[in-house]
Amino acid sequence: MAEEVEIVREGAETILRFNYENIPKLPSIEDDPVVMSTTIDKLLEVVGATKIVFYQKRDYEYDFDQVQLLNEIATLFSQLSRQKEILSYEALKFGNFTKDLDKRYADVQRIIFKLMKSDPIGAYVELKRVMRLERIKLGEYIEEADLEGQRKYIALLNYVHTLLDKTKLIGLARPYLAGYELSDRSIYGKIFRPSIKPDFMYTKLMASYPLDGEELASYEVGETEVSIFKLPDTVHILYHLIPPEFKLSEDHYEILDTARKIMAEHKPEREEFTDPDRMRQVFFNVGKDLIDELANYRNIKLTDDQLAELTAILVRYTIGFGLVEVLLRDEKIQDVTINSPMGKAPMFIVHADFDNCKTNIIATRTEAESWATKLRLLSGRPLDEANPILDTEVSIPGARARVGAITGPLNPTGYAFAFRRHRDRPWTLPLFIKQKMISPLGAGLMSFIIDGARTILVAGTRSAGKTSLLASIMVELMRSTRIITIEDTLELPVSPLINLGYNIQQMKVASALTRGTAEVPADEGIRTTLRLGDSALFVGEVRSTEARALYEAMRVGALANVVAGTIHGDSPYGVYDRVVNDLQVPKTSFKATDVIIVANPIKSADGMHRWRRVTSITEVRKHWEQDPLAEHGFSDLMKYDSRTDMLVPSDDLVHGESEILKGIAGNVREWAGNWDAVWENIQLRADIKKAIADISDSAKNPELLEADFVILANDQFHRISDKVREEVGALDSKRIFFEWNEWLKSAAKKRGL
């Protein structure tokens, strides 16, 4: 049965779509000479084709560069077909040179008019072989007319051989031609590598491993295989994944495809997206019943595990975000970016171990439109010409992410997306110690400042870890503290902390980038918190008019509870400049900031690696008038030392020259006027944070670094401190640490069982 060919025009693209649905063989240009020949035949008819797709349960797509290789062969074939004056039976007589004429004509027909379409590399090699044999024959001819005819025949073969030699296909094949045999198509497998897209998906995936790649690492994320490759001749690292949906049987593909088409008839309403977790569970239950019914109808037996796997895949490609969800489940991935125009470039990621990587995944325009619709429904915010920017968040099983989307006219080539992955569990200070983002002493100092109810700004550049650090500050608060969070895009780990017993009220306000929504402006949201009772306040990001309201909260909340937020800035003065000059907060109000914690990425000398580090913990002093930098209004308590890759204490901290720490100490009877006692307590907290990191390492139990255990450890520290104070009348650091450490060893042992 012959394949059907559809010509699809999408903008500047001309796509040849071959339907192999009812043809019992795999469509493959690289493996099948007939498929290659029929493809070139079609390219002769459709001039300017830019993409070729074979459809057979999966889409096998050959991109522009690969199609151009075939277009060049088709053009050459067309050129030679029109040159009857040199390739016809009569032309091959070269006058009266009739000896071996039938063989010459047969060779020309076989090599040029048959082999060139089905095996152009073979045609190139055969031309060379035939020329060699024909040159040998020159010695057999005596008559000058025969010699002249033979020379013309060799010149003709050389002419065609030279034309082929100039093609890009032969150029790519040339390194592999030694020992080449006809019918061996392994060379084509090195040149033609289609992306594969199962019918129920929109995303394309380059399933083949890179031929010359050096494998740097491999691991599994659930059922997904992940391999990391170093590629030759480029600084790019390849993040290559093979998800379970690419390893299904044909029967399972059919079931999924049918189920997706049925589920696609349902158009979700905005109300369904108000609780994404519940909606996903509802769709999972409906999808599970549907797949089970379809399998029974086809007499296909599914195990419980297979049914659950197929249902999870179905949900991923109906109400979910496809392979983006597979990427976001990898805890090592920090960012996923998808650039426009869709279908041209792969997705890119930032990997915890390998930094910037490209992936083997290519999003399509259809998928981008689907994502945009879902993001509008999830956020309740527009994404259109009047509002070409959308900030929101998504939550999937195993991960949360902040999403930025843009469209025209800001983006002239359609949609583009950036997903910033957040851990599904809150970050903790011991986790940061483990990753060397902060030193134990830095963690101890932060713990002391947080318990001292100071106002804190966490600053840094993009991807510096500001929100993660802010989340770790929340974990340091005792669970008896009421917390209010305000964000325009929900990034802080509120739900996990509520599940761990925290008293938190979450508030979502309008984005500074969005107009025309019913959401409450950020500054009104912050002022509202002042009427909601005594609470610690956490602001997701300070970037617009809410800055003034935040400083009102800082001034009102001073000495009562922690007020903290994140802001863009690479230094304490950079934060001052942003707050005062850009956001128009009065200089006197800026003094309400007690501490600025700066986190920035640190790069290796070769530029290939990047690590997150807290680079300074700085107090803002109050006795300056015009310029805090010129008037010594900033005092670094700790500063990053690149030589030791460590956050180290300043002389001001060691000698107790800190107004903020003295202010905290002044409110505690045991510490007032006693810097040694304050320093001991900071060091005690540092030892405790380090002990958690150390025992996690020695027990090979990373769970001890997670929020649930760290919160228990913090609770125990406060209980033991109170107990020791009552028993001996002072906060004896050595005794507190001894008793706490005994608890730690016992608790860690229980966790290891």
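The values are calculated or read from the model by the stated rules, or taken from the named source; none is laboratory data. Since the model is a prediction, treat every value here as computed from it, not as a measurement. Positions of Cβ are generated from backbone atoms using ideal geometry, with glycine treated the same way; all protein chains shown enter the neighbour counts. Each accessible area value is taken on the protein alone, full model and side chains, heavy atoms only, with ligands, DNA and RNA left out. Shrake-Rupley method; radii C 1.70, N 1.55, O 1.52, S 1.80 Å.
Of note:
- Entirely in the range 1-105, the helices (runs of 4 or more DSSP H) that have 2 or more residues that are touching a residue at least 60 places away in the same chain (Cβ under 8 Å) and under 34 Å from the mean Cα position of the chain (by Cα): 64-81
- Selection from the range 524-557 of residues that are in a loop (DSSP other than H, G, I, E, B) and either open to solvent by 50 Å² or more (accessible area, probe 1.4 Å) or at pLDDT 70 or above (or both): Leu530, Arg531, Leu532, Asp534, Ser535, Gly540, Glu541, Val542, Arg543, Thr545
- Qualifying residue in the range 10-32 (condition: in contact with a Lys or Arg (Cβ under 9 Å, 6 or more places away or on another chain), open to solvent by 40 Å² or more (accessible area, probe 1.4 Å) and at pLDDT 90 or above): no
- Residue in the range 480-501 that is surrounded by fewer than 24 Cβ atoms within 10 Å (Cβ to Cβ), at pLDDT below 85, among the hydroxyl-bearing types (Ser, Thr, Tyr) and more than 21 Å from Leu378 (Cβ to Cβ) present: no
- Residues in the range 352-365 that are part of a loop (DSSP other than H, G, I, E, B) and in contact with a Phe, Trp or Tyr (Cβ under 9 Å, 6 or more places away or on another chain): 4 in all.
- Residue within the range 193-207 that is in contact with a strand residue (DSSP E or B) (Cβ under 8 Å, 6 or more places away or on another chain), open to solvent by less than 80 Å² (accessible area, probe 1.4 Å), at pLDDT 90 or above and farther than 30 Å from Lys128 by Cβ present: no
- Answer residue from the range 704-741, given it is more than 23 Å from Val475 (Cβ to Cβ) and of a type outside the set (A, V, I, L, M) and is modelled with the lowest pLDDT among those: Gly729
- Of residues in the range 73-97 being farther than 15 Å from Ile154 by Cα and among the β-branched types (Val, Ile, Thr), the one surrounded by the fewest Cβ atoms within 10 Å (Cβ to Cβ): Thr75
- Contacts under 7 angstrom Cβ, first residue in the range 389-410 being over 21 Å from Gly465 (Cα atoms), partner open to solvent by 20 Å² or more (accessible area, probe 1.4 Å) and at pLDDT below 85, 6 or more apart: Ile389/Leu513
- Residue in the range 711-720 that is open to solvent by less than 10 Å² (accessible area, probe 1.4 Å) and within 21 Å of Gly442 (Cβ to Cβ) present: yes
- For the range 101-116, the count of residues that are surrounded by 15 or more Cβ atoms within 10 Å (Cβ to Cβ), more than 30 Å from Glu148 (Cα to Cα) and hydroxyl-bearing (Ser, Thr, Tyr) is zero.
- Scanning the range 688-709 finds no residues that are in contact with a Leu (Cβ under 8 Å, 6 or more places away or on another chain), free of Cβ contacts under 8 Å to residues at least 40 places away in the same chain, closer than 17 Å to Ser447 by Cα and open to solvent by less than 20 Å² (accessible area, probe 1.4 Å).
- Residue in the range 308-320 that is out of contact with any helix residue (DSSP H, G or I) (no Cβ under 7 Å at 6 or more places or on another chain) and either over 25 Å from Pro493 (Cα atoms) or without any contact (Cβ under 8 Å) to a residue 12 or more places away in the chain (or both) present: yes
- Some residue of the range 336-357 being among the charged types (D, E, K, R), closer than 23 Å to Leu492 by Cα and either touching a residue at least 12 places away in the same chain (Cβ under 8 Å) or open to solvent by less than 50 Å² (accessible area, probe 1.4 Å) (or both): no
Residues checked against (1) within 24 Å of Lys204 (Cα to Cα); (2) of a type outside the set (Gly, Ala, Ser):
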{"residue": "Glu331", "(1), (2)": "yes, yes"}
{"residue": "Thr337", "(1), (2)": "yes, yes"}
{"residue": "Ala352", "(1), (2)": "no, no"}
{"residue": "Ala363", "(1), (2)": "yes, no"}
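- Of residues in the range 366-390 being charged (D, E, K, R) and not in a helix (DSSP H, G or I), the one most open to solvent (accessible area, probe 1.4 Å): Glu385
- Boolean, Ala418 is closer than 23 Å to Arg280 by Cα, surrounded by fewer than 20 Cβ atoms within 10 Å (Cβ to Cβ) and among the hydrophobic types (A, V, I, L, M, F, W, C): yes
- Residues that are at pLDDT 90 or above and either more than 25 Å from Leu441 (Cβ to Cβ) or among the aliphatic types (A, V, I, L, M) (or both) do occur in the range 599-607.
- The range 445-479, residues that are among the hydroxyl-bearing types (Ser, Thr, Tyr) and closer than 21 Å to Trp671 by Cβ: Ser447, Thr455
- For the range 630-638, the criterion of a residue being in contact with a Leu (Cβ under 6 Å, 6 or more places away or on another chain) and hydroxyl-bearing (Ser, Thr, Tyr) is satisfied by no position.
- Answer from Glu631, Glu619 - the residue that is of a type in the set (Asp, Glu), surrounded by fewer than 24 Cβ atoms within 10 Å (Cβ to Cβ) and without any contact (Cβ under 8 Å) to a residue 60 or more places away in the chain: Glu631
- Here Lys436 passes the criteria (1) of a type in the set (Lys, Arg); (2) modelled with pLDDT of 90 or more; (3) within 27 Å of Pro397 (Cβ to Cβ) except the one numbered (3).
- Selection of the range 668-687 for residues being of a type in the set (Gly, Ala, Ser) and open to solvent by 60 Å² or more (accessible area, probe 1.4 Å) yields only Gly673.
- For the range 724-740, the condition holds for no residue, the condition being that it is surrounded by 16 or more Cβ atoms within 10 Å (Cβ to Cβ), closer than 18 Å to Ser480 by Cα and touching a residue at least 60 places away in the same chain (Cβ under 8 Å).
- Flag if Ser642 is of a type in the set (Gly, Ala, Ser), surrounded by fewer than 19 Cβ atoms within 10 Å (Cβ to Cβ) and in contact (Cβ under 8 Å) with a residue 12 or more places away in the chain: yes
- Being surrounded by 22 or more Cβ atoms within 10 Å (Cβ to Cβ), hydrophobic (A, V, I, L, M, F, W, C) and either within 30 Å of Glu680 (Cβ to Cβ) or touching a His at 6+ places or on another chain (Cβ under 6 Å) (or both) holds for only one residue in Ala363, Ala405, Ala443, Ala453, and it is Ala443.
- Options Glu220, Glu134, Glu140, Glu215; residue that is open to solvent by 30 Å² or more (accessible area, probe 1.4 Å), farther than 22 Å from Leu238 by Cβ and of a type outside the set (A, V, I, L, M): Glu140
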